[in-house]
Each structure stands twice: as C-alpha cells, then as structure tokens.
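Undergrad: Input: one structure, supplied below.
The values are calculated or read from the model by the stated rules, or taken from the named source; none is laboratory data. Computed from a predicted structure; not experimentally measured. Positions of Cβ are generated from backbone atoms using ideal geometry, with glycine treated the same way; all protein chains shown enter the neighbour counts. When the accessible area is computed, the model is the full protein with side chains, heavy atoms only, and any ligands, DNA or RNA have been set aside. Shrake-Rupley method; radii C 1.70, N 1.55, O 1.52, S 1.80 Å.
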Amino acid sequence: MFYTNYDSPVGKLLLAASDRGLAGVYFENHRHFKGSAGWQQDDGHEVLLQARQQLQEYFAGTRREFDLPLDMSAGTPFQQAVWQALLAIPFGTTASYGELARQLGKPSAVRAVGAANGRNPVSIIVPCHRVIATSGALTGYAGGLVNKQVLLAMEAGGQLV
C-alpha cells in the first residue's frame, strides 16, 4: 500500500493506493482508520496524484464525478455492494439508508447498510456523505459530522467553511 497526505479544505486527508487503484481517503480523525504501519509514502504515485488533482477540482467546484481506478477489495461482499451503490448517488443529492437497503434487495438490512456505509474506506470519492436518515437528519460519518455537513453544503451550491 502506498500513501500520500493532502491538505484539503476539510482538513488533512491521507490518500492510499494499492497496485489495483485508490484504496483509501481518510480524514485526520477518521473513526475506522487502522493506521498506515507498513505502508510506503509515495508522493509521486500516479493514482495518488490523480486523486489529489481530482479532489482539488471537486473542492474548487469544477468536478462533480470522479474518474479513478478503485480498489475496494478490503470489504466483505456485502460492504462492496453497498459501496458500489454509493457510487450511483448523484452529486448534490442524498439517499437514505432505507433506500440503499431496498436497492440492494435487502429492505430489512438498514442497520447493516449503515454499518457498511460507515466502513467505506474511500471517503468523498465513494460518496458515503450523501447518505442520510429517512427523516432527513444527518447521522454518523466516520470523518465527522461537521465534514459531512460541509461536503453536502458545498455540493448543494454553498460555500466551503
């Protein structure tokens, strides 16, 4: 695994890539990040450079979709299915955990969808921040609820804090 750091408008991010693609975008105090022990820092890694560039464009408001090879092999088959479903949530919109569960053909698996959403290793790129409660309330976010609010506000046309 290779990594680099990126100082973004929502704080310091650690970007990680394997030989297969981008494998992680972690906030500084990311709830589920297990650390980078044994990883090699590579600020010139092609996928990491592409990720940094596309994230800069996203934060500048000029990119709405990411075009990067992803390596989400660290998840279970169910987690990977949830993460794939997240990729279909359009920029500037939200979906509920219940909607995702129904899309996956598992309408009673709302909590499992929430847990898989929270374990998404590729924050922002795989837009887990776009998932909210059925009531419209913002619920947990591994990168912190403030960051979730900032990302949703930015995508809705607001200003970055």
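Undergrad: Just name the residue that is most open to solvent (accessible area, probe 1.4 Å) out of those in the range 112-145 that are part of a helix (DSSP H, G or I) and without any contact (Cβ under 8 Å) to a residue 12 or more places away in the chain.
TA: Per the criteria, the residue is Leu145.
Undergrad: I've got another one for you. When you go through (1) out of contact with any helix residue (DSSP H, G or I) (no Cβ under 9 Å at 6 or more places or on another chain); (2) assigned to a loop (DSSP other than H, G, I, E, B); (3) in contact (Cβ under 8 Å) with a residue 24 or more places away in the chain one by one for Gly35, which number turns out not to apply?
TA: (3)
Undergrad: Could I ask something else about it? Out of Asp67, Asp71, I need the residue that is open to solvent by less than 60 Å² (accessible area, probe 1.4 Å) and of a type in the set (Asp, Glu). Which one?
TA: So the residue among Asp67, Asp71 that is open to solvent by less than 60 Å² (accessible area, probe 1.4 Å) and of a type in the set (Asp, Glu) is Asp71.
Undergrad: Follow-up. Just one of the numbered conditions (1) of a type in the set (S, T, N, Q); (2) assigned to a loop (DSSP other than H, G, I, E, B); (3) more than 23 Å from Gln53 (Cβ to Cβ) is not true of Gln79; which one?
TA: (2) is the only condition that Gln79 fails.
Undergrad: While we're on this one: Does the range 43-61 contain any residue that is among the β-branched types (Val, Ile, Thr) and either at pLDDT below 95 or part of a helix (DSSP H, G or I) (or both)?
TA: yes
Undergrad: Right, another one. What are the residues in the range 1-17 that are closer than 15 Å to Pro121 by Cβ and open to solvent by less than 20 Å² (accessible area, probe 1.4 Å), if any? Working first, answer last.
TA: From the range 1-17, those closer than 15 Å to Pro121 by Cβ are 1-3, 13-17; that's our starting set.
Those that are closer than 15 Å to Pro121 by Cβ and open to solvent by less than 20 Å² (accessible area, probe 1.4 Å): Leu13, Leu15, Ala16, Ala17.
Undergrad: Under 8 Å between Cβ atoms, at least 6 apart or on separate chains: pull out the pairs that start in the range 5-28 with a residue that is assigned to a loop (DSSP other than H, G, I, E, B) and at pLDDT 95 or above and end on any residue that is β-branched (Val, Ile, Thr) and open to solvent by less than 10 Å² (accessible area, probe 1.4 Å).
TA: Nothing qualifies.
Residue-wise test of (1) touching a Pro at 6+ places or on another chain (Cβ under 7 Å); (2) charged (D, E, K, R).
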{"residue": "Gly11", "(1), (2)": "no, no"}
{"residue": "Arg31", "(1), (2)": "no, yes"}
{"residue": "Gly44", "(1), (2)": "no, no"}
{"residue": "Leu55", "(1), (2)": "no, no"}
{"residue": "Tyr58", "(1), (2)": "no, no"}
{"residue": "Gly61", "(1), (2)": "no, no"}
{"residue": "Ala74", "(1), (2)": "yes, no"}
{"residue": "Arg111", "(1), (2)": "no, yes"}
